[in-house]
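Worksheet for the structure shown next.
FYI, it's all coordinate maths here, none of it is from the lab. Fair warning: this is a prediction, and the values are worked out from it, not measured in the lab. For neighbour counting, all protein chains shown are included, and Cβ atoms are generated from backbone atoms with ideal geometry for every residue, glycine included.
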Amino acid sequence: MVVPPRINFLYTNIGRGHPFYLDGILEALVRKGNIGLVRGESDVFEVSRGLSRFAWQAARWMYRKGSSPGIVAALYKKLRSSADYNRPGAILRLMGRDLRRMFSLDPNPVVVAHPTLVAILKGRQGLIYQHGEVVTPAEAVVAGASKVLAPTDEAAGPFIESGYDSRDVMVSGLCIEPSLVRQSGDALAARLKRIGGDDPLVGAFFSSGAEPRRHIEKLVRAAVSAVTHGGKVILFAQRDGVFVREAARRLPSRGIEFAGIDSRQFLPADLPLALIVQYASRREENGFTAQLFPMFDYLVAPSHERTNWALGLGLPMFVVGPQIGPFAPLNCELLIHAGVAERINSNSAADAFGVQLGHLRASGKLAEMAKAGWGKYRIDGFDKIAEFLINNFAG
């Protein structure tokens, strides 16, 4: 009897964006009752040893420090801009040493979501590359995968232009958490009703995984401004991180009382003016997000993976700058062009955010932003990817 293959998922776990895309596939497989199709979830830090592991740890350190001004940031930017994953150098070969060894002995398919891992495992049979972002900068286009999964025709285009056969590039639809997709229609209807009414609007505020201080400063200032101009805010922050510390310091100094919760506590029955939600893992963050999503009237965040929300869930977005890395600037431009977002590029703009929000609401522009982010794209990308995996690899 031929035993059907089972699928490996290989994570980088540097930041939230790329790992989030693998999380979404697994969530979709769970919801479809096919989690048994998964052979295992691996982490580059668990698999790698010695100098190889040290190289990954250095990459993670550079990612965290590279989001702040200074010499490290300049070096990180230079390394990122000069990287050519189609011609891996000595460092990338070192980082991939133990990964190649592990997966050369495993005939099962492996799904990755980061171009670095495509470069390391390129040419391996059954290498599936999920490019979940809606934009495709040059560094994301790496040859050597058996299958590329991209969310839109526009995101898929550069892979085909680079030499991939169009039959090996699947367009999935936007990759948005299944837990949000299933409540998105009702949430949009309620959101539009609130925007057209007089009740306080509720904003959801998120940082990136690295919590750059330049983002945190604008996020907290914008949250203060929103509350002082009659709104409510929910701040999602890593437990004991920079965001929660700065918010807990700044909000009381402006006379704003806040409530704080984590996974050990229940959500308050009545939403306070400011709620700080602390999470210790992506799973905790996703759980809180799904619970509170029906309350969201707008989103304030960097233009990373939550760009998908503004484009597909009818959730107006306010993008905090600066745009860091290769994806964020392109994401921001796409959002602005689509009419679903506005920029918050300076501290003064963050301080004026509450006034700006009021003007957008009164003029009808905020409702237009919400409507512009609904119906243009399919939003069932994770489900489509799960179906592809089930159809091709389940027994």
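Backbone amide hydrogens, once placed in the peptide plane, bring residue 172 within less than 5 Å of 150, 152, excluding anything fewer than 5 places away on its chain.
Think of the chain as a dipole: +1 on every Lys or Arg Cβ, -1 on every Asp or Glu Cβ, centred on the Cα centre; then among 256, 327, 44, 44 lies furthest on the positive end.
All alpha carbon pair distances within region 238-289 were sorted into 10 Å bins beginning at 0; the resulting P(r) in whole percents reads 24, 53, 22, 1. Using Cα centres only, tell me the gap between region 371-391 and region 260-300 in whole Å. What the calculation gives is 25 Å, centre to centre. Kindly provide the Kirkwood hydrodynamic radius of the chain in Å, to one decimal, from all pairs of distinct alpha carbon atoms. Taking the inverse mean of 1/r over all distinct Cα pairs, the chain comes out at 21.8 Å. GNM remark for the chain: springs join alpha carbons under 10 Å apart, and the peak mean-square fluctuation among 172, 303, 363 falls on 363. Taking Cα centre as origin and charging only the Cβ of basic (Lys, Arg, +1) and acidic (Asp, Glu, -1) residues, the dipole magnitude of the chain rounds to 920 debye.
Quick one: P(r) of region 183-372 from all Cα-Cα pairs, 5 Å bins, percents rounded to integers, in order of increasing distance. Calculated over all Cα pairs of region 183-372, the distribution is 1, 8, 18, 22, 23, 17, 8, 2, 0 percent. Placing +1 on each Lys and Arg Cβ and -1 on each Asp and Glu Cβ, with no other charges, gives region 160-286 a dipole about its Cα centre of roughly 420 debye.
Ordering 267-277, 250-260 by mean Cβ neighbour count within 10 Å, with the highest value first, yields 267-277, 250-260.
Computed over the chain, the per-residue total of -39500 (n - 2.57) for DSSP H runs of n ≥ 4 gives a 222 nm mean residue ellipticity of -14000 deg cm²/dmol, rounded to 500.
Under unit Cβ charges (Lys, Arg +1; Asp, Glu -1), what dipole magnitude, rounded to 20 debye, does region 183-372 have relative to its Cα centre? It works out to roughly 200 debye.
Summing Lys and Arg as +1 and Asp and Glu as -1 over all other residues whose Cβ lies under 12 Å from the Cβ of residue 154 gives a net charge of -2. In plain terms, the residue of 317, 369 with the fewest other Cβ atoms within 10 Å comes first and the most crowded comes last, giving 369, 317.
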